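Some notes on the structure that comes next.
Read-outs throughout are calculated quantities, based only on the coordinates presented, and are distinct from any laboratory measurement. Keep in mind the model is a prediction, meaning the values are calculated, not measured. Please note: Cβ atoms are built from the backbone with ideal geometry, for glycine as well, and neighbour counts cover all protein chains shown.
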Amino acid sequence: MKLSQIASALNARLENGSPDTEITGLNGIEQAGPGELTFVANPKYAAAARRTKAAAVIVAGSFPVIPAATLRVEDPYLSFAHALELFHQPLHYAPGVHPTAVVHATAKIGRGAHLGPYVVVDEDVEIGDNAVLLAHVVIYRGVKIGGNFFAHAHAVVRENCRIGNNVLLQNGVVIGSDGFGFAKTHDEHWHKIPQPAPVVIEDDVEVQANSCIDRASVGETRIRRGVKIDNLVQVGHGSQVGEDVLLCSQVGLAGSTEIGNRVILTGQVGVVGHCKVGDGAIVTPQSGVAHDIPAGALVSGAPAVDHKLWLKYSAILPKLPEIARAVRSRFPKE
């Protein structure tokens with residue numbers, strides 16, 4: 001594809017390069033070679049951009065001039081994503097039902113569906129148009145799913161859950177597994193609390209590999225529009241996750257957690273049950289949220305506190321032995 005065609009598709013301004021340069025693919029700033037396109041979204045990679053062997057680099061409008069051809073855009077990271085789409089089209093699955101698939105007579109499946117080997121669709125299921133269910137996907141009874149649903153191999157949607165349009169489930173996802181609810185009996189055993197309430201997933205949600213979203217005993221567990229959930233995430237029963245939230249790998253939400261809109265929970269963050277995280281808040285990696293977090297906050301640590309405060313006491317922590325010695329010398333025991 002010619003560089004001029006890419007510039008047009010990205011609405012980019014081409015500088016310092018021939019529009020007829022042929023681009024054969026994309027790569028990272030350090031790995032890219034002749035004929036490849038790369039990008040720089042962080043100014044700290046300016047030195048790498050100056051020495052890159054790439055044919056062209058996608059950069060922001062204010063990025064310094066470099067020897068390579070540049071495509072100047074408003075958002076280099078987003079534009080690189082669009083450029084990838086120009087070169088890598090998703091696999092197409094032809095409509096049809098594999099002979100080994102088991103579809104209940106009462107199930108209603110829309111036009112253009114692809115059902116792969118050993119797919120199981122139970123009774124009273126409804127699935128919209130253009131669904132793709134790959135090998136060993138299981139849809140329990142009473143599930144309602146919108147259009148353009150895509151489920152990779154071994155994804156499972158449990159009974160009576162509801163899923164909107166344009167939802168993508170990666171391999172091994174479980175939607176609607178039982179919430180972790182047990183009541184202690186008088187003789188110190190655990191009695192299982194029924195978990196009949198469904199999971200509701202709104203439009204444009206992606207859930208990545210081996211993540212689990214639990215059903216509730218009452219009410220519902222709801223994942224709102226545009227949420228993106230990374231691998232190995234646990235969403236506890238009755239939790240509410242707001243629009244356009246990012247839940248990164250190994251995040252754990254205990255039961256009845258409330259996550260506001262546009263929140264980012266980074267890797268291995270844990271949130272105690274019944275806590276609320278306000279709109280736009282960011283929780284940094286391995287933090288533990290044990291109380292409500294206000295909207296717009298940036299918090300760190302366990303228990304999570306304001307990020308600037310956490311930086312201060314993290315800097316002091318290595319000095320504690322020295323401080324302790326100074327205190328003991330200043331105030332010796334009687």
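Odds and ends about this structure:
- For segment 180-334, the relative contact order comes to 12 percent (Cα pairs under 8 Å, sequence separation of at least 6).
- Nonlocal amide H pairs with V173, under 5 Å, H built at 1.01 Å: A155, V156, N210, S211
- Computed about the Cα centre, the dipole magnitude for the chain is approximately 1160 debye when only Lys and Arg (+1) and Asp and Glu (-1) carry charge, each at its Cβ.
- By average C-beta atoms within 10 angstrom, highest first, the peptides 127-140, 87-100: 127-140, 87-100
- For V305, residues with placed amide H under 5 Å, excluding near neighbours: S300
- Taking L169, L232 and counting other C-beta atoms within 10 Å, the order from fewest to most: L232, L169
- With a Förster radius of 30 Å applied to the C-beta separation of A302 and F182, the computed FRET efficiency comes to 0.75.
- Long-range amide H partners of T21 with built H, under 5 Å: L3, S4
- Rounded to whole numbers, the Karplus 3J(HN,Hα) couplings from phi for segment 249-254 are 3, 6, 5, x, 9, 6 Hz, using 6.51 cos²θ - 1.76 cosθ + 1.60 with θ = phi - 60°, and x at Gly and Pro.
- Other residues whose C-beta falls under 14 angstrom from the C-beta of L3 contribute a net charge of -1, scoring Lys and Arg +1 and Asp and Glu -1.
- Top of F63, F149, F180 by mean-square fluctuation, Gaussian network on the chain, Cα under 10 Å: F63
- Computed 3J(HN,Hα) for segment 214-230, one whole-Hz value per residue from the Karplus formula 6.51 cos²θ - 1.76 cosθ + 1.60 where θ = phi - 60°, is 8, 6, 10, 7, 9, x, 6, 9, 10, 10, 7, 3, x, 5, 10, 10, 7, glycine and proline marked x.
- Each Lys or Arg adds one and each Asp or Glu takes one away; over the other residues whose Cβ falls under 14 Å from the Cβ of K228, this sums to -4.
- Global geometry of segment 3-87, whether rounded, prolate or oblate, following the gyration tensor of its Cα atoms and the 1.5 cut on a/c: rounded
- Relative contact order (percent, whole number), segment 3-87, Cα cutoff 8 Å, 6+ residue spacing: 30
- Using a Gaussian network model of the chain in which every pair of alpha carbons under 10 angstrom is joined by a spring, one finds that among V59, V277, V251 the greatest mean-square fluctuation is at V59.
- Subset of K276/K312; K108/K192; K228/K276; K276/K308 violating a 28 Å alpha-carbon distance limit: K108/K192
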